[in-house]
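In what follows, a single structure is set out as C-alpha cells and then discussed.
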Amino acid sequence: MKTLQDSFILKNGVKIPCVGFGTWQTPDGETAVMAVSEAIKTGYRHIDTAACYGNEVGVGQGIKASGIEREKLFVTSKVWNTERGYEKTIAAFEKTLSDLGLDYLDLYLIHWPASSSQYDNWEEINVETWRAMTELYKAGRIKAIGVSNFLPHHLEALMKTEVPPMVNQIEFHPGQMQTETIQYCRENDILVEAWSPLGTGRMLNNETLKSIVDKYEKSVAQLCIRWCLQNNILPLPKSVTPARIKENTAVFDFAITEKDMDTINAMAYCGGSGLHPDQVDF
Ligand SMILES: NC(=O)c1ccc[n+]([C@@H]2O[C@H](COP(=O)([O-])OP(=O)(O)OC[C@H]3O[C@@H](n4cnc5c(N)ncnc54)[C@H](OP(=O)(O)O)[C@@H]3O)[C@@H](O)[C@H]2O)c1
C-alpha cells in the first residue's frame, strides 16, 4: 500500500481503499459534514458509519459537499442490534440509504452478533439477518457484505450460506490482538478491519509505543495506523480535527521494522473498550 487510494481486494473482487475514515461519536450536523468532506478532500476514499452512530444524514451531506463522484468513494454502514432478522434488516437498509442520500452501499455489516447470553436462538437470528443482507447483495444494492464483532463461533453458521461474509470489523489496536478471530478470518478469506485503531485515543500516551515511535519521526497515531496496515488489517481511524485527519494519512512514507512490529504485536493488554461480543447488554 503506497497511498490512501490503494486497496485491499475482497474475495468477490471488490476493491476497498486501505484506510477507512471512522465516524463513531462524530456529532451529526455541521461536525459530521465538515469532518467527512474534509477527509475526502484530504484523500480518504473510504468512509465508515453506522445507523446507530446517528449521523448518517450528516455523513451523507459531507459526501455531497466534498463534490466527489459517488463511484470513487467506498461507503460502509451497519445494521444495528434492534433491527436484526430478515424484514427489519431490509427496512433498516432502506432507511440508511435514504439518510445517507445514496442509492447503493459499498459494504453493509451486521454490527454485532446476536449471542447466547441474549437469545437461545441466537444463531438462527444471525442467519435470518444474513439472509436479508445476501438478498440485497444479490440485487446489486450493496457491493459487498460482512459482519462486525463476530468471533469464530458466530461466523460458522454464516460460512455455510450461499454468500459467506467478506469482511469482519473488530476491535484491533496494540494489546488487543484477537489472534484466534484473525486466524479464522485469514483461513476463510475474510478481510479484517480494525475499529478503534488508536484505542479511541487510549494508545496515544502508551509508554512502549512512545519509546518506539521517536526514531521514525512520526506520531503514535501514525504508528498505530501503519502497524495495522503492516499486519494486513484495514484501519479505520476517526477524527473531527482537520490537522489530525491529515496527520493520520501520512503513513505511507515510513516502514516499521520487523523487530518493532514483533514488539508491538507482543504487547500485553493496555486498555480497550472492554466490550465482549458474547457479553454486551445491547
Ligand atoms: N464496529 C464497531 O463495533 C465499532 C466500534 C467502535 C468503532 N468503530 C469504527 O472505528 C472507528 C475508529 O474507532 P474510534 O472512533 O474508537 O477511534 P480511534 O480512531 O481509535 O480514536 C479516535 C480518537 O482519537 C483522537 N485522534 C484521532 N487522531 C488523532 C491524532 N492524530 N492525534 C491525537 N488524537 C487523535 C480523536 O479525537 P478527535 O476526533 O477529537 O480529533 C478521537 O478522540 C469509529 O469511528 C467507527 O467508524 C466500529
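Two decimals is fine: what is log10 I(q)/I(0) at q = 0.20 Å⁻¹ for region 51-160, from a Debye sum with one equal scatterer on every Cα and no solvent?
After summing over all Cα pairs, the log10 values are -1.01.
Tell me, what ³J(HN,Hα) does each residue in region 20-33 have, in order and in whole Hz, if you take phi through Karplus 6.51 cos²θ - 1.76 cosθ + 1.60 with θ = phi - 60° and put x for Gly and Pro?
Couplings: x, 9, x, 9, 5, 6, 8, x, 5, x, 3, 5, 5, 4 Hz.
Taking H as built 1.01 Å from N, whose amide H comes closer than 5 Å to the amide H of residue 192, not counting residues under 5 places away?
Counting only residues 5 or more places away or on other chains, the set is 168, 234.
If one puts a single equal scatterer on every Cα of the chain and applies the Debye formula without solvent, what log₁₀ I(q)/I(0) results at q = 0.08, 0.10, 0.12 Å⁻¹?
Evaluating at q = 0.08, 0.10, 0.12 Å⁻¹ gives log10 I(q)/I(0) of -0.31, -0.49, -0.72.
Evaluate the relative contact order of the chain (contact order divided by residue number), counting alpha-carbon pairs under 8 angstrom at least 6 apart; express in whole percent. Can you show the working numbers first?
Working: 517 pairs, mean separation 52.8, N = 282.
Relative contact order here is 19 percent.
Be a star and scan region 69-97 for residues whose amide nitrogen sits under 15 Å from the point 7 Å along the Cα-to-Cβ vector of residue 141.
Label zone hits: 77-80, 84-97.
Please report the Cα spread of region 126-282 along all three principal axes, rounded to whole Å, starting with the longest.
For region 126-282, the Cα spread along each principal axis is 49, 31, 30 Å.
Rounded to the nearest Å, what's the spacing between the alpha carbon centres of region 110-170 and region 179-240? Just the number, please.
That distance is 25 Å.
If exposed means no more than 15 neighbouring beta carbons inside 10 Å and the site is in a DSSP loop, what's the longest run of the chain without any exposed GluC sites (Glu not before Pro)? Could you put the intermediate results ahead of the total?
Values: sites that count: 69, 162, 217.
Longest stretch, sites excluded: 70-161.
Could you pull out the pairs from 2/95; 15/41; 11/218 whose alpha carbons sit more than 25 Å apart here?
Numbers: 2/95 36 Å; 15/41 20 Å; 11/218 33 Å.
As for pairs spanning more than 25 Å Cα to Cα, those are 2/95; 11/218.
With all pairs of different alpha carbon atoms counted, what Kirkwood hydrodynamic radius in Å does region 147-218 show? Present the calculation step by step, with values, prior to reporting the outcome.
Working: mean 1/r = 0.0729 Å⁻¹.
With all distinct Cα pairs of region 147-218 included, I get 13.7 Å.
In vacuo Debye scattering of region 120-172, one point per C-alpha: log10 I(q)/I(0) at q = 0.18, 0.28 Å⁻¹?
Evaluating at q = 0.18, 0.28 Å⁻¹ gives log10 I(q)/I(0) of -0.56, -1.19.
Quick note: the coordinates plus some simple rules give every number you see, no bench work behind them. On a predicted model such as this, the values are computed, not experimentally measured, just so you know. Quick reminder, even Gly has a Cβ in these numbers, built from the backbone with ideal geometry, and neighbours come from all protein chains shown.
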